[in-house]
1. When the distances between all Cα atoms of segment 62-181 are binned every 5 Å from zero, what whole-number percent does each bin get?
2. Kirkwood hydrodynamic radius (Cα pairs, Å) of segment 268-357?
3. Considering the values (i) 32, 26, 24; (ii) 35, 30, 19; (iii) 51, 37, 16, which represents semi-axes √(5λ) of the Cα gyration tensor in Å as calculated for the structure under consideration?
4. Calculate the tail of P(r) for segment 282-438: the fraction of all Cα-Cα distances greater than 18 Å, expressed in %.
5. Filter K51/K365; K236/K365; K165/K335; K165/K236; K165/K376 down to the pairs with a C-alpha to C-alpha distance above 27 Å, please.
6. Suppose we flag GluC sites (Glu not before Pro) only when DSSP calls them loop and at most 15 other Cβ atoms lie within 10 Å. Which is the longest uninterrupted stretch of the chain?
7. Counting heavy atoms of the protein chains only and a 1.4 Å probe, report the per residue accessible area for the chain as a whole number of Å².
8. Hey, what number do you get for the chain at 222 nm if only DSSP H runs of n ≥ 4 count, each worth -39500 (n - 2.57), divided across all residues, to the nearest 500?
Amino acid sequence: MTTTVMDGSAAEPYVAAFESLTADPYVPAWVQSIRRAAFDRFASLGFPTTKNEDWHYTSVGRIVEQEYTPLAVKTGDLSRDDLAPFTFGQSAWYTMVFVNGRYAPELSDVNRLPSGVHVWDLASAWTRASDVVDHVGKLATYDTQSFTALNTAFMYDGGVVQIAKDTEVDRPIHLLFIADAIAAKGMMHPRNLILVGRRAKATVIESYVSPSDATYFTNAVSEVSVAEGATLRHYKIQQESRRAFHVGTVEACQARDSHFFSFSFTTGGALPRTNIYTTLDGEGAGTTLNGLYMLDGEQHCDHQTQIIHAQPNCYSREHYKGILDGRSHGVFNGKVFVHPIAQKTDGKQTNNTLLLSDTAHVDTKPQLEIFADDVKCTHGATVGQIDQMALFYMKSRGVNNDTARRLLTYAFAADVLETLDEEPVRVTLERMTLERYL
């Protein structure tokens with residue numbers, strides 16, 4: 001994979017901010033060394049352009065042309081009541097709250113964790129759990145990824161989750177990142193690390209939300225390790241300000257007989273982009289990547305997925321759906337790569353898009369690269385408008401045109417939402433979808 005770059009001046013606005021960050025005396029020297037190497041790599045790469053294949057349909061010009069200030073300290077005066085719209089109605093979940101990129105212990109609830117479950121905020125984990133955070137930077141590489149390099153250079157806080165072997169977590173762990181009005185013209189680089197031990201089972205939810213309409217930049221990276229026989233259900237919810245910019249990367253590595261279920265839900269942001277990458281690095285591993293994005297106005301949303309089948313007898317399933325209205329632009333690029341050793345691979349990939357207006361458009365590119373000869377892989381994409389026959393049928397039964405269109409739109413989204421096992425999440429997202437179109 002190659003990256004086409006802007007000239008080296010792309011890093012100049014970030015130099016002073018980076019030097020201020022590396023002067024922090026509370027961060028170990030080895031962390032500073034990682035940051036420095038990452039920043040040097042970012043300075044070399046610059047930001048990607050549309051000449052880069054992975055960014056062909058998405059220009060980052062609106063991110064690059066603005067100058068953002070790192071939010072160095074937790075700010076804002078949010079209360080628990082302010083968090084209510086974003087907690088799925090679950091006060092009993094294990095919740096870590098980050099306000100404007102910094103951990104807020106007074107709003108969090110992780111004091112009664114069960115045996116085998118450990119969580120830290122990254123800023124303190126550097127010294128409190130150095131053996132755990134030694135994994136940082138080893139799962140999400142930045143050699144060719146500009147935004148991952150930028151995140152690594154500025155990483156300061158985020159959630160660190162470790163699940164011991166044979167542990168089944170009884171309720172979700174929620175990492176809630178909230179940006180208020182004080183985040184205006186600021187940038188945040190959350191860095192999360194999720195380690196699931198052998199035969200363990202856990203659900204982790206990452207929410208990126210905002211009650212304000214501020215313009216800011218979130219550049220998040222989550223590194224995920226799913227050990228032998230383990231299962232991780234990972235939900236990424238993006239409901240940020242409609243004027244915000246969001247680039248989020250989830251990079252996972254799976255061992256033998258493990259299962260990684262990922263669901264991405266996107267409705268916010270002026271330009272949100274989510275990258276989900278996973279490597280099936282153990283025989284018998286499986287992955288399921290699903291997602292739903294709903295856009296209107298001038299929103300531009302990009303989803304990039306990559307599933308690498310690196311060992312035999314693995315399976316992958318992928319289903320993303322998009323609903324586009326107004327002048328919005330959706331992008332889906334899904335890659336399934338099958339190594340020569342990965343015989344008996346079973347992979348299926350689907351992207352469906354519903355266009356509600358004549359001015360909305362989508363660029364979709366499901367891809368298969370197969371270098372093994374005993375595989376079963378399929379991929380496909382559909383783009384269309386509301387089924388006129390179904391619309392006619394409903395109208396003939398006395399349903400007015402407006403209601404019929406909205407019900408059909410909701411029905412289009414409903415089947416992918418029904419794949420969610422976590423009932424509070426499923427019910428909340430179904431309600432949000434229904435309210436959006438009814």
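1. 2, 9, 17, 19, 20, 15, 11, 4, 1, 0
2. Computed over Cα pairs of segment 268-357, the Kirkwood hydrodynamic radius comes out at 14.0 Å.
3. Identified label for the calculated read-out: (i).
4. So the portion of pairs separated by more than 18 Å is 63 percent.
5. Beyond 27 Å: K165/K335; K165/K376.
6. It works out to 68-297.
7. It amounts to 40 Å² per residue over the chain.
8. -6500 deg cm²/dmol
The values are calculated or read from the model by the stated rules, or taken from the named source; none is laboratory data. Everything numeric here is computed off the predicted structure, so don't read it as measured data. We place every Cβ from the backbone using ideal geometry, glycine too, and count neighbours over all the protein chains shown. Ligands, DNA and RNA are excluded from the accessible area calculation, which covers all protein heavy atoms including side chains. Shrake-Rupley method; radii C 1.70, N 1.55, O 1.52, S 1.80 Å.
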